[in-house]
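S.K.: Below is a structure I'd like to ask you about.
The values are calculated or read from the model by the stated rules, or taken from the named source; none is laboratory data. Predicted model, so just to flag it, every value in this text is computed and none were measured. In this analysis, Cβ positions are derived from the backbone assuming ideal geometry, glycine residues included, and neighbour counts consider all displayed protein chains. Please note that ligands, DNA and RNA were not included when accessible areas were found on the heavy atoms of the full protein model with its side chains. Shrake-Rupley method; radii C 1.70, N 1.55, O 1.52, S 1.80 Å.
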Amino acid sequence: MIRVLFADDEDMIRTALATLLDLEEDIEVIASVGDGVEAVAKAVELTPDVCLLDLEMPGHDGVEAAERIARKVATKSIIVTRHARPGVLRRAMGAGVAGFVTKSSPASELAEVIRAVAAGRRHVDPDIAASALTAERTPLTERELDVLRVGRTAPTVQGIADELHLAPGTVRNYLSQAMRKLGVATRREASDVAWEEGWI
C-alpha cells in the first residue's frame with residue numbers, strides 16, 4: 001500500500017482528489033491538509049511514502065514544503081499545479097522533487113504517477129517539460145530569486161531578512177541588484193516580473 005499525504009488549499013479539489021485516489025486498491029490517502037506548514041508537520045508525524053503538494057499554498061509553497069519535508073523524512077514529493085511555469089519546474093527539480101503534474105491530469109493518471117514515484121522513478125508532465133526547454137533563462141542569481149520569492153509574502157525587508165537568515169542590508173543589496181537587472185523601480189515590480197516569467 002502506498003501511503004500518500006495530500007496538501008492543497010482548495011478544499012473542494014483536495015476532497016475530491018483524495019476520494020478518487022482512495023478508490024485505488026494500492027493507494028491510501030493518510031492525511032489531507034490545507035497549507036504548506038501543516039503539510040510539513042503531518043509528513044514528519046506520519047512519514048508518508050509520497051507527498052502530493054499543491055504548488056501555490058499558504059505558509060510554504062509546494063516546493064518549499066517539499067524541501068523542508070525532505071530534510072526530515074525519507075519520502076518522495078510530487079508537485080501539482082494549475083500554472084505550469086518553467087522556472088518553477090527548474091526550482092522543483094533542483095530541490096529533489098520527484099514528480100510534476102498539472103491539476104488537469106485525470107485521477108487515474110495521477111495514480112500512475114504516484115506509483116512511478118513511489119517506485120523510485122521521476123515524472124514530469126510532457127507539456128511542462130517542453131515549456132521548460134524553451135523558456136528564457138533568468139538573469140537573476142539564486143539568492144536574488146530567493147529574496148524576491150520570500151518578498152511576495154514578507155511585507156518588510158526585515159521580514160525577508162529573518163526568513164532567509166540574512167542581514168537587512170544584504171537583502172536591500174539583493175533587491176537593488178534584481179531591480180536594476182529587470183529595469184524596474186520597486187521590489188514589488190521585480191517580484192511580479194520574476195513570478196510572471198516563472199522564475200520564482
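S.K.: Return the only residue of LEU166, LEU175 being in a loop (DSSP other than H, G, I, E, B), under 25 Å from PRO58 (Cα atoms), of a type in the set (A, V, I, L, M) and open to solvent by less than 80 Å² (accessible area, probe 1.4 Å).
M.R.: LEU166
S.K.: Let me ask another. For region 120-141, name all the residues that are surrounded by fewer than 16 Cβ atoms within 10 Å (Cβ to Cβ), of a type in the set (A, V, I, L, M, F, W, C) and either modelled with pLDDT of 95 or more or under 16 Å from the mean Cα position of the chain (by Cα) (or both).
M.R.: Across region 120-141, the qualifying residue is only ALA129.
S.K.: Follow-up. Scan region 63-122 for residues that are under 23 Å from GLU196 (Cα atoms), of a type outside the set (Phe, Trp, Tyr) and in a strand (DSSP E or B) and jot them down.
M.R.: ILE78, ILE79, VAL80, THR81, GLY99, VAL101, THR102
S.K.: May I ask you to list pairs of residues, at least six apart or on different chains, whose Cβ atoms are under 6 Å apart, with the first in region 186-199 being more than 15 Å from LEU55 (Cα to Cα) and the second being part of a helix (DSSP H, G or I) and open to solvent by 20 Å² or more (accessible area, probe 1.4 Å)?
M.R.: Qualifying pairs under 6 Å: ALA190/MET179; ALA190/LEU182; VAL193/LEU182.
S.K.: Taking region 16-48 as the search range and keeping residues that are touching a strand residue (DSSP E or B) at 6+ places or on another chain (Cβ under 7 Å) and among the β-branched types (Val, Ile, Thr), which one is farthest from GLY62 (Cα to Cα)?
M.R.: Applying the filter and picking the extreme gives ILE27.
S.K.: Right, here's the next one. Within region 151-170, can you find the residues that are of a type in the set (A, V, I, L, M, F, W, C) and under 11 Å from ARG187 (Cα atoms)?
M.R.: VAL157
S.K.: Limited to region 32-62, what total is found for residues that are open to solvent by less than 50 Å² (accessible area, probe 1.4 Å) and not in a helix (DSSP H, G or I)?
M.R.: Number satisfying all stated conditions: 13.
S.K.: Residues being closer than 20 Å to ALA65 by Cα, open to solvent by 40 Å² or more (accessible area, probe 1.4 Å) and outside any helix (DSSP H, G or I): count how many of those fall in region 1-26.
M.R.: 3
S.K.: To continue, here is another question. Determine, yes or no, whether VAL29 is outside any helix (DSSP H, G or I), buried (at least 16 other Cβ atoms within 10 Å of the Cβ), in contact with an Asp or Glu (Cβ under 6 Å, 6 or more places away or on another chain) and at pLDDT 90 or above.
M.R.: Criteria met by VAL29.
S.K.: Of the residues ARG152, ARG180, only one is closer than 18 Å to HIS60 by Cβ, surrounded by fewer than 20 Cβ atoms within 10 Å (Cβ to Cβ) and without any contact (Cβ under 8 Å) to a residue 60 or more places away in the chain; which?
M.R.: Of ARG152, ARG180, the one residue that is closer than 18 Å to HIS60 by Cβ, surrounded by fewer than 20 Cβ atoms within 10 Å (Cβ to Cβ) and without any contact (Cβ under 8 Å) to a residue 60 or more places away in the chain is ARG152.
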